[in-house]
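The structure under discussion appears below in the form of structure tokens.
Where a number appears in this text, it was derived from the coordinates with a stated rule and is not lab data. All values derive from a computational prediction rather than experimental measurement. For neighbour counting, all protein chains shown are included, and Cβ atoms are generated from backbone atoms with ideal geometry for every residue, glycine included.
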Amino acid sequence: MAIIVEEGKNKVNIGAILTWLVVILVLGLVAYYVFFQRPEFIELIPPSGLRDTTRLSKINLNSEEVLNNPQFQLLKQYISVPRSGNAGRENPFLSF
């Protein structure tokens, strides 16, 4: 009886190599587009009513004038203003 010792043959799996190459290629393309590609800017032309915003930047809001306005006084308040201590539920982690 003879014992035959042979070296194991390295079988190269072409499918696995191609799969890894495709994965590496896709990851490289994703990294390129996320980190290195400059986005193209879309030029938006605002409507003519929104082009001049200098009038809006010069508006001064006076809270006393708004609160004392008769039209504001006519508004009905449906929700009460929360006071300190009763807003929301109790914290279950603070009760020992």
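Couple of notes before you dig in:
- The range 50-71: number of residues that are surrounded by 10 or more Cβ atoms within 10 Å (Cβ to Cβ) and either at positive phi or of a type in the set (A, V, I, L, M, F, W, C) (or both): 1
- Per the conditions (1) under 28 Å from the mean Cα position of the chain (by Cα); (2) closer than 30 Å to Gln77 by Cα, the sole criterion not satisfied by Leu56 is (1).
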